[in-house]
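Enquirer: I have a structure here, written as structure tokens, and I will follow up with some questions on it.
Taken together, the values in this text are just the output of simple stated rules run on the coordinates, not laboratory data. All figures in this text were calculated on a predicted structure; none of them were measured in a lab. Heads up, the Cβs are rebuilt from the backbone with ideal geometry, glycines too, and the neighbour counts pull from every protein chain shown.
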Amino acid sequence: MSRIGKLPIPLPSGVQVTVSEENLVTVKGKLGELSQAIDPAIRVKVEDGNLVLTRNTDEKQERSRHGLYRSLLANMVRGVSEGFTITQELVGVGYKAVATGQLIDLSLGYSHHIVIELAPEIKVETTAEKGKNPTIILKGIDRQLLGQVAAKIRSLRPPEPYKGKGIRFMGEIVRKKAGKSASDK
């Protein structure tokens, strides 16, 4: 049995789960609504305020999907009840981020500004305090979409290993390399 898949998902108050005949699971909460299609080999039931996933057989494909769908549904339940937040910091001289509505205007040391339009499901804030690195705060209920957007922003200027400049996740540690050293003659 999958160790992750057999764990029940506790449903907080205010979260409703519906399972359709086509194995489409819809989770509604105070922050929004998310849907996920589930493999027919995995059964989803609501029992005693918990969401429980079971599988028909012990085939390898079903075992692997059991834990996957449990994780996806747990993220959906957490997303509609609490939401997710990703914070990124811009490390580098002159690096700036300005958010206006669903647009982020990034100045990352290139000859031009980069403007990114975000999905309407994602809320964005930017902060720029004196003496601290500028930060981008992304909030949303869909963990997959939020991670994809954060990865796209980070890919514009990933942290480089010599000076550590670039866009990094808050708390991320960048291992620095030693640069060229002068040879002793």
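Enquirer: Give me, ordered by chain and number, the residues 5 or more places off Leu51 or on other chains with an amide H under 5 Å from its own placed amide H.
Expert: Result for Leu51 returns Ile9, Leu11.
Enquirer: Moving on to the next point. Along Cα→Cβ, 7 Å out, is where each label goes; now give me the distance between the ones at Asn56 and Tyr162 in nm to one decimal.
Expert: So the two model labels end up 5.8 nm from each other.
Enquirer: Quick check: residue separation of Gln144 and Ile114 times 0.36 nm, minus the Cα distance between them. What number comes out in nm?
Expert: 8.5 nm
Enquirer: Can you list the HN-Hα couplings for the stretch 131-138, worked out from phi with the Karplus curve (6.51, -1.76, 1.60; θ = phi - 60°), rounded to whole Hz and with x for Gly and Pro?
Expert: With the stated coefficients, the stretch 131-138 comes to x, 10, 6, x, 10, 10, 10, 9 Hz.
Enquirer: Of Lys130/Lys152; Lys45/Lys139; Lys28/Lys165, which pairs sit farther than 31 Å apart, going by alpha carbon to alpha carbon?
Expert: Violating the 31 Å limit, Cα to Cα: Lys28/Lys165.
Enquirer: Between Leu68 and Glu121, 0.36 nm times their residue separation minus their Cα-Cα distance comes to what?
Expert: Between Leu68 and Glu121, full extension yields 16.8 nm more.
Enquirer: Between Lys45, Lys123, Lys28, where does the largest GNM mean-square fluctuation fall for the chain, given springs only between Cα atoms within less than 10 Å?
Expert: Answer for the Gaussian network model of the chain: Lys45.
Enquirer: Further question on the same structure: Using +1 on the beta carbon of Lys and Arg, -1 on that of Asp and Glu, and nothing else charged, what's the dipole of the chain about the Cα centre, debye to 20?
Expert: 1040 debye
Enquirer: Determine, for each peptide in 78-86, 170-178, 96-104, the mean count of other beta carbons within 10 angstrom over its residues, then list the peptides with the highest first.
Expert: 78-86, 96-104, 170-178
Enquirer: On to the next question. Determine the calculated [θ] at 222 nm for the chain from helices alone, applying -39500 (n - 2.57) to every DSSP H run no shorter than 4 residues and normalising by the residue count; nearest 500 deg cm²/dmol.
Expert: -6500 deg cm²/dmol
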